[in-house]
Amino acid sequence: MAAAPTAIESWRAAARGALEALGGSFGALSVWERDLGRLKVLVNAGARVGGEEEFPEDETYPVHEFPEIAEFLHERWAGGGGPQAWVETAAGPAFGGAGVSGRPGYNHQRVAALRRRGRGCCVVAPIVLHGRAWGELYVARPPEAPLFDVADADFATVIASVVAAGIAQTERLEEVRRLAFTDPLTGLANRRAVDARLDEAIERYREEGAVVSLVVCDLNGLKKVNDTQGHAVGDRLLERFATLLSVSGARLPGALVARLGGDEFCLLTVGPTSDEVLAVATELCERAAGLELGEGVACGIASTGDPIGEVRSARRLFRLADAAQYRAKAARAGGPVVAGRDGAVLRLADAPAPARPARDRRRFRDAPAPPGGG
């Protein structure tokens, strides 16, 4: 789990490691979604049967069918006990009726599932994270294999605690990754996230011919708001526009909305046509003009679906969108300016460079290309 690069790979490592350690043929890891009242299966590992997917999208079970997770065990922990694994068998109550060592046993839903899927027994271990039930680890054996016993249940309890530690580490790493690619004020993606996504988008354009569109937005009047009403009010304007941009971007499947820094934002799409992107950007400009703060927004668009010439790099698409945005700002345009839609490819040498601090010119890691370069 520690070596897994993603949460999904970590879940898979947990399920596979548990089934191997316990001599099982099948293992699963599930999370208790408290707000939805259900157990959601994250991964199925090992010998799967019909209908079981390795990473199921919608394999869930109402938690009221599993009270040992949601109620009974929680009460035991609250009373000073600890979470303990237990055994279920396809024949019914484990070891004659009382469960393993007085632990919970004989859940008829689990027994029915064992029979339906052709398995002989299972051991279920609660996973506790931060003092609360997080979910469960489940390992099963085929009918011809020996039944799990008390020692197996005790070992499964230990394994579940190791898995919990791995999940905690994975969550910390995911949070670090999230923070590394998120603007702290607005919650949108940041410049680093745009760098990575735009490089991937251009690769798809080259290999598949996918339409890649980039909308660069400059929020007008932010400095005036900061100077006259204070930075707290300016931050409120940034957050309000970020919300508008997020809502607009939701209309375009897979769109990435981001704050590049200062008063600059962008929207990146792969797939939607340039006309679809233009319609969304036009509505964004109209809604931004209605904000109680600021002076609207200047938007520039560059899309591989328009006649902008060959796009050999992410840098060129960005510079075309940025130059179009500058033209919109200089003209105080009420809507977006689109590169290539004036009947000719916009030459970067013909567009004056925006007057912005040097730190903002380093938004992308590549150095500026020569005028008209790709």
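The values are calculated or read from the model by the stated rules, or taken from the named source; none is laboratory data. Please read all numbers here as calculations on a predicted model, not as lab measurements. Cβ atoms come from the backbone with ideal geometry, glycine included; neighbour counts cover every protein chain shown. Areas reflect the complete protein model, heavy atoms only, side chains present, ligands, DNA and RNA absent. Shrake-Rupley method; radii C 1.70, N 1.55, O 1.52, S 1.80 Å.
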- Number of the condition not met by LEU252 [criteria: (1) surrounded by fewer than 22 Cβ atoms within 10 Å (Cβ to Cβ); (2) under 19 Å from the mean Cα position of the chain (by Cα); (3) without any contact (Cβ under 8 Å) to a residue 40 or more places away in the chain]: (1)
- Message: Could you check region 1-16 and list, in sequence order, the residues that are touching a Gly at 6+ places or on another chain (Cβ under 8 Å), of a type in the set (A, V, I, L, M) and surrounded by 14 or more Cβ atoms within 10 Å (Cβ to Cβ)?
- Response: MET1, ALA13, ALA14, ALA15
- Which condition does LEU185 not pass, out of (1) surrounded by fewer than 19 Cβ atoms within 10 Å (Cβ to Cβ); (2) farther than 30 Å from SER303 by Cβ, if it passes all the others? (2)
- Item | Conditions (1) over 19 Å from the mean Cα position of the chain (by Cα); (2) not in a helix (DSSP H, G or I); (3) not hydroxyl-bearing (Ser, Thr, Tyr): number failed by GLU57 | (1)
- Query: Which number in (1) touching a strand residue (DSSP E or B) at 6+ places or on another chain (Cβ under 6 Å); (2) under 30 Å from GLU276 (Cβ atoms) marks the one condition that ASP152 misses?
  - Reply: (2)
- Residues within region 255-287 that are polar (S, T, N, Q) and open to solvent by 20 Å² or more (accessible area, probe 1.4 Å), tallied: 2
- Filter result (open to solvent by less than 20 Å² (accessible area, probe 1.4 Å) and either among the hydroxyl-bearing types (Ser, Thr, Tyr) or touching a strand residue (DSSP E or B) at 6+ places or on another chain (Cβ under 6 Å) (or both)) within region 199-222: ALA201, ALA210, VAL212, SER213, LEU214, VAL215, VAL216, CYS217, ASP218, LEU219
- Using beta carbons and a limit of 7 Å, which pairs, at least six apart or on different chains, have the first residue in region 268-279 and assigned to a helix (DSSP H, G or I) and the second one of a type in the set (Asp, Glu)? SER274/ASP306
- Scan region 290-326 for residues that are surrounded by 18 or more Cβ atoms within 10 Å (Cβ to Cβ) and charged (D, E, K, R) and jot them down. ASP306, ARG315, ARG316, ARG319, ASP322
- Task: Determine if region 223-237 includes at least one residue that is surrounded by 14 or more Cβ atoms within 10 Å (Cβ to Cβ) and either among the basic types (Lys, Arg) or within 23 Å of the chain's Cα centre (by Cα) (or both).
- Result: yes
- Query: Quick one: is LEU22 out of contact with any Leu (no Cβ under 7 Å at 6 or more places or on another chain), in contact (Cβ under 8 Å) with a residue 40 or more places away in the chain and assigned by the TED database to the domain that holds VAL158?
  - Reply: yes
- Query: If we scan region 139-159, do we find a residue that is assigned to a strand (DSSP E or B), hydrophobic (A, V, I, L, M, F, W, C) and open to solvent by less than 30 Å² (accessible area, probe 1.4 Å)?
  - Reply: yes
- Query: Between residues in region 208-225 that are within 22 Å of GLY254 (Cα to Cα) and among the polar types (S, T, N, Q) and residues that are open to solvent by less than 10 Å² (accessible area, probe 1.4 Å) and part of a strand (DSSP E or B), which pairs lie under 6 Å by C-beta distance while being six or more apart or on different chains?
  - Reply: SER213/THR269; SER213/SER303
- Message: Among the residues of region 213-235, are any farther than 27 Å from ALA314 by Cβ, modelled with pLDDT under 90, of a type outside the set (Phe, Trp, Tyr) and in the same structural domain as GLY17 (by the TED database)?
- Response: no
- Query: With respect to VAL257, is the statement that it is farther than 23 Å from THR182 by Cβ and in contact with a Leu (Cβ under 8 Å, 6 or more places away or on another chain) true?
  - Reply: no
